[in-house]
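> Below: one structure in structure tokens.
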Amino acid sequence: MHWQYITLNYDIPGAVALAVNNGRIAIAKEWRLPIRSYALEIPRGRGREGETTAATAARELAEETGLEASAVKELGHLYPDSGTLSAPIGVAVISVKDDKGTGHTDGEICDWFWVSENDLDQMMAEGRFNDGISMAALQLWRAQGSPVPE
């Protein structure tokens, strides 16, 4: 039997930053070269040495959207593709200081916006929100009762 898998030369887990505010979720629009298209995703990114999931998620959210975390709750880890990838990714839910952000970003994403859970479900049903990591993070959050940290 022959197995194929990918081990990334980056063994620090990244994090998904599930930002919630007044029943809405922050969604990023980002160009993704592997699919040669824009993707709608929950903000996420690579961790740094010594960073917790909560710290990575808060930093990535600020870098990509300008939103500042007021409280963060770690939800756990998931494997985006356990059949081919060896690296896990952490998931954290974040309350934000305000829903506008600072306006300062790293320019990595094209745009971001708030969307209600119902609208996000509709976007999933229509195939407009189909990023696997984001969908798994959303489900993990819902499975834990959709907590909002204070």
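The values are calculated or read from the model by the stated rules, or taken from the named source; none is laboratory data. Everything numeric here is computed off the predicted structure, so don't read it as measured data. Don't worry about glycine lacking a Cβ; one is built from the backbone with ideal geometry, like all the others, and counts go over all protein chains shown. With ligands, DNA and RNA removed, areas are computed over all heavy atoms of the protein, side chains included. Shrake-Rupley method; radii C 1.70, N 1.55, O 1.52, S 1.80 Å.
> For the range 47-150, which fully contained strands (runs of 3 or more DSSP E) count at least 1 residues that are within 19 Å of W31 (Cα to Cα)?
In the range 47-150, the matching strands (runs of 3 or more DSSP E) lie at 111-116.
> Residue pairs, Cβ under 8 Å, 6 or more apart or interchain, first in the range 20-39 and in contact (Cβ under 8 Å) with a residue 12 or more places away in the chain, second among the aliphatic types (A, V, I, L, M) and open to solvent by 60 Å² or more (accessible area, probe 1.4 Å). List them.
Note: pairs meeting the criteria are V20/V148.
> Restricting to the range 13-37, give me the number of residues that are under 18 Å from R59 (Cα atoms) and either outside any strand (DSSP E or B) or not charged (D, E, K, R) (or both).
Within the range 13-37, residues that are under 18 Å from R59 (Cα atoms) and either outside any strand (DSSP E or B) or not charged (D, E, K, R) (or both) number 13.
> Here's another thing I want to ask about it. If you go through the range 20-50 one residue at a time, how many are within 16 Å of the chain's Cα centre (by Cα), open to solvent by 50 Å² or more (accessible area, probe 1.4 Å) and closer than 17 Å to F129 by Cα?
Within the range 20-50, residues that are within 16 Å of the chain's Cα centre (by Cα), open to solvent by 50 Å² or more (accessible area, probe 1.4 Å) and closer than 17 Å to F129 by Cα number 5.
> Quick check: anything in the range 62-71 more than 22 Å from P34 (Cβ to Cβ) and open to solvent by 50 Å² or more (accessible area, probe 1.4 Å)?
There is at least one residue in the range 62-71 that is more than 22 Å from P34 (Cβ to Cβ) and open to solvent by 50 Å² or more (accessible area, probe 1.4 Å).
> Across the range 101-150, what is the number of residues that are in contact (Cβ under 8 Å) with a residue 12 or more places away in the chain, closer than 18 Å to N22 by Cβ and not hydroxyl-bearing (S, T, Y)?
Number satisfying all stated conditions: 13.
> I'm trying to understand the selection: among the residues of the range 51-61, which are of a type in the set (S, T, N, Q) and either farther than 17 Å from S134 by Cβ or open to solvent by 50 Å² or more (accessible area, probe 1.4 Å) (or both)?
Passing the criteria: only T52.
> Another question, if that's okay. Out of all the residues in the range 72-111, which are open to solvent by 50 Å² or more (accessible area, probe 1.4 Å) and under 16 Å from D131 (Cβ atoms)?
Answer for the range 72-111, where residues must be open to solvent by 50 Å² or more (accessible area, probe 1.4 Å) and under 16 Å from D131 (Cβ atoms): Y79, P80, D81, L85, E108, C110, D111.
> Can you find a residue in the range 129-144 that is exposed (fewer than 15 other Cβ atoms within 10 Å of the Cβ) and touching a Lys or Arg at 6+ places or on another chain (Cβ under 8 Å)?
No - not one qualifying residue is present in the range 129-144.
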